[in-house]
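Just so you know, all these numbers are worked out from the coordinates, no wet-lab data involved. The model shown is predicted, which means the values in this text are computed figures rather than measured ones. Please note: Cβ atoms are built from the backbone with ideal geometry, for glycine as well, and neighbour counts cover all protein chains shown.
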Amino acid sequence: MYFAFHVARMKEITITNEMLFEEGSKYLSEESMDLIHRAFDYAKEKHEGQFRKSGEPYLVHVVAVGYILETLRSGPKTVAAGLLHDVMEDCGVSHEEMTERFGSEITSLVEAVTKIGNLQFKDEKEYLAANHRKIFIAMAKDVRVILIKLVDRLHNMRTLQYMPRQKQIKIASETLEVYAPIAHRLGMSEIKNELEDLCFFYLEPDAYHEIAHLVEVRKEERNALVQKMIREISELLEEHHFQFRIFGRSKHLYSIHRKMVTKNKRFDEILDLYAIRIITKTELNCYEILGYIHAKYHPIPGRLKDYIAMPKMNMYQSLHTTIVADENIFEVQIRTEQMDRVAELGVAAHWRYKEGIRYNAGEEQKEIEEKLAWYRNLMSLSDDVDESTPEDYMNVLQRDIFEANVYVMSPKGRVIDLPNGATPIDFAYRIHTDIGNSTVGAIVNGSLVPLNTVLKTGDVVNIRTSKQSAGPSEDWLKIVKTAHARNKIRQFLQKKEEAERAEYVQKGEQLLKDELKKRGMDESVYLDKQHLEPVYQHFNLSGYDALLYGLGMKSVSLSQVAERLSKDKNAPKNNGLDVASLRRFFSRKKTKTVSNIGVSVEGISSMMVSFAGCCNPVYGDDIVGFITKGQGVKVHRRECPNVAGQDRLISVEWDDTAESKTYETELLLTGTDRNFLISDIVTIISQCKVSLTGINSQVLEDRITAFIKLRVSVASKKNLDVLIANLKKVQSISSVERIMQ
């Protein structure tokens with residue numbers, strides 16, 4: 001079996017101390033090797049008496065990590081950190097001692113790789129999320145951290161057979177979910193493929209052995225077909241005088257299994273099971289060879305992929321084509337030597353350490369950011385770490401970075417990778433949080449599109465913003481696909497809600513003060529906690545701010561609060577003659593003026609009553625009367641700014657005839673202009689059984705932002721609230737407000 005062979009091979013090639021020093025001396029100077037020897041000696045001293053589950057000395061593991069890092073041609077400090085990566089966690093070595101022995105750079109690498117350890121979390125899921133978050137934040141600062149961590153995990157997976165079954169499942173699941181994807185993103189396919197196959201063996205042993213058996217059964221037949229094809233292509237290329245290497249490429253088992261599951265195919269239906277790789281000298285040779293192969297063999301339509309002109313996000317470059325030869329299907333990959341090194345080793349190939357060349361870790365990190373677009377996203381995500389939980393961070397990492405496979409561009413050519421289903425809003429937040437919060441429209445490939453448009457690879461996206469934007473709405477949460485955008489929108493809405501709450505608290509306080517003033521009650525007395533505590537309890541509220549918020553929101557009756565306060569036996573009496581006293585005097589007469597608009601006024605007879613045109617009250621609004629000079633009583637919404645602080649206010653109420661009447665009021669809608677917007681608004685008004693009596697719309701100079709003023713006739717505030725709620729759901733409408741002049 002494949003795995004049995006692999007394990008036997010690993011046991012046979014046990015990595016020794018001599019192998020570590022020999023491999024390092026192939027590319028490191030004597031001075032650098034001195035550092036490796038010192039790190040080895042220190043690790044040997046500190047891990048003395050420690051053993052692995054296999055019974056081997058623990059030193060075997062750190063030597064293997066150092067050796068594998070050397071095969072990747074890592075720098076001497078990276079190799080030293082690999083040898084020392086467990087001494088701080090497992091041997092109690094302090095930061096000061098490590099720094100004194102090996103300097104701050106190596107100490108920083110070791111600390112970044114070190115697990116969280118003794119920190120306590122609610123559950124294992126939170127522990128793992130926090131542990132992984134630390135790894136990736138450290139990686140965002142220095143890519144060498146993840147190289148060490150990947151190699152550490154690779155050797156642990158190679159020796160996982162000594163662990164209990166439950167531990168095997170736990171470690172393999174974690175590796176498949178976190179470490180294999182990051183190896184893939186870094187282009188390290190050799191490590192990624194081995195990690196995936198090892199995880200596959202432990203997580204699904206039956207499926208593993210079944211596929212391994214099928215591969216073994218077809219091995220001779222496959223090899224014969226591949227070798228025949230290699231001879232034919234070699235003759236073709238030699239005929240045209242190319243310099244090349246050619247060989248068969250076997251598909252690793254997990255990849256076969258994943259294709260069978262995701263594409264619901266049988267083993268013999270996997271098209272690229274027969275695979276050939278051609279390595280040549282130049283990029284031009286790659287295209288020339290492709291042309292000759294297509295001229296001789298029949299290519300399958302839609303299977304040509306040019307990753308040279310458009311590299312993958314992990315820097316992978318190659319030409320892929322699928323051809324038919326003698327009724328067999330072959331996948332052919334064509335690339336240069338450099339492309340092949342990057343394809344197998346990823347960043348480890350691109351930044352191979354060479355003695356004698358000035359090395360700067362900071363410059364290397366900057367180069368990685370420039371070449372790996374997703375790495376910039378990782379850094380941006382890590383900058384927001386204080387605003388997210390470990391689980392949120394890992395969800396964003398998994399969804400927005402590991403699963404991103406849609407590549408769109410900004411007008412300046414910056415490539416942004418997004419997950420399937422992503423929208424212009426996701427794109428805007430990936431550019432910058434402020435861009436996302438002020439988005440009012442999007443232009444994709446030169447055309448204005450709705451914000452819920454699904455983006456496709458190759459789209460050019462231009463985000464339109466406005467300083468007057470009200471910001472994201474809750475509806476955006478239903479549109480966006482990236483966790484990053486969703487978190488940013490929630491943060492904005494939470495801050496907005498807190499600000500609005502503070503405004504309502506302030507408004508409620510002012511309303512209560514005005515009401516107390518009208519009733520001749522001293523606010524310095526009645527706003528004291530001693531007097532307000534019974535009111536909190538009566539309305540089941542938590543305290544002063546909750547009461548004021550309820551008053552500001554109209555969910556708590558202002559008159560009821562004032563009445564309860566006025567009944568307070570401990571409150572001082574005011575015997576002076578004021579507006580409040582006069583109002584109480586008139587109210588005792590029990591006279592009532594009944595108007596033809598559905599509003600009655602107690603205490604005053606034969607007075608004209610009409611609605612104020614500034615706030616347009618409707619049945620169900622909290623209302624108040626204002627005694628005018630010569631125009632009787634004007635009925636206002638209590639929140640109307642035109643009556644705030646006035647003394648000539650009297651109580652009014654809706655009478656029994658109000659339910660049978662209709663009331664006109666005005667609404668202001670703000671949103672993004674689009675085709676059929678007015679038509680959609682009129683349709684909603686009709687569906688809500690509301691009469692439209694007037695409409696006026698205006699589009700700003702940016703030709704994006706639209707304002708629509710509506711005059712509608714409704715039966716009640718409840719009817720109006722339903723209309724407003726439905727208008728807010730109209731596509732591209734961001735806000736709906738009642739107008740007060």
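Odds and ends about this structure:
- Distance in nm between pseudo-label sites at Lys517 and Lys661 (7 Å out along the Cβ direction from Cα): 3.0 nm
- When each of the peptides 547-556, 58-67 is scored by the mean number of other C-beta atoms lying within 10 Å of its residues, the order from highest to lowest reads 58-67, 547-556.
- Placing R0 at 25 angstrom, the Cβ-Cβ distance between Glu337 and Ser29 gives a FRET efficiency of 0.45 after rounding to 0.05.
- Chain lengthening between Lys53 and Thr16 when straightened (0.36 nm per residue, less Cα-Cα): 11.5 nm
- Among 281-293, 423-435, 44-56, sorting by the average number of other beta carbon atoms lying within 10 angstrom of each residue, highest first, gives 423-435, 281-293, 44-56.
- Amide H to amide H, with H built 1.01 Å from N, Ile739 comes under 5 Å of Glu666, Leu667, Leu668, counting only residues 5 or more places away or on other chains.
- Distance between the 7 Å Cα→Cβ label points at Thr457 and Ala470: 3.9 nm.
- Amide H within-cut-off set for Val599, under 5 Å, with H built and near neighbours excluded: Asp655
- Filter on Lys192/Lys312; Lys251/Lys296; Lys167/Lys251; Lys228/Lys296 - keep pairs with C-alpha separation over 18 Å: Lys251/Lys296; Lys167/Lys251
- Karplus-derived HN-Hα couplings along region 180-197 (A = 6.51, B = -1.76, C = 1.60, θ = phi - 60°), whole Hz, x at Gly and Pro: 4, x, 6, 5, 5, 5, 8, x, 8, 5, 4, 5, 4, 5, 5, 4, 5, 5
- Legend: calculated FRET efficiency, Ala502 to Ile739, from the Cβ-Cβ distance at R0 = 22 Å, rounded to 0.05, equals 0.40.
- Added length on full extension, which subtracts the Cα-Cα distance from 0.36 nm per residue, Lys709 to Ser255: 157.6 nm
- The phi torsions of region 70-83, fed into the Karplus equation with coefficients 6.51, -1.76 and 1.60 and a -60° offset, translate into couplings of 5, 5, 8, 6, 6, x, x, 5, 5, 5, 4, 5, x, 5 Hz, rounded to whole numbers, with Gly and Pro shown as x.
- Taking other C-beta atoms within 10 Å as the exposure proxy, Val461, Val93, Val324 rank Val324, Val93, Val461 from fewest upward.
- 5 angstrom amide H check on Thr457, placed H, neighbours 5+ away: Tyr407
- When each of the peptides 509-519, 532-542 is scored by the mean number of other C-beta atoms lying within 10 Å of its residues, the order from highest to lowest reads 509-519, 532-542.
- Two-site FRET efficiency, Ala295 against His241, from Cβ-Cβ distance with R₀ of 22 Å, rounded to 0.05: 0.85
- Across region 241-252, coupling constants 3J(HN,Hα) worked out from phi with the 6.51/-1.76/1.60 Karplus curve, θ = phi - 60°, read 6, 8, 9, 7, 10, 9, 7, x, 10, 8, 7, 6 Hz, and Gly and Pro carry x.
- With a threshold of 25 Å on the Cα-Cα distance, the over-threshold entries among Lys263/Lys412; Lys517/Lys554; Lys456/Lys495; Lys305/Lys456; Lys149/Lys481 are Lys263/Lys412; Lys456/Lys495; Lys149/Lys481.
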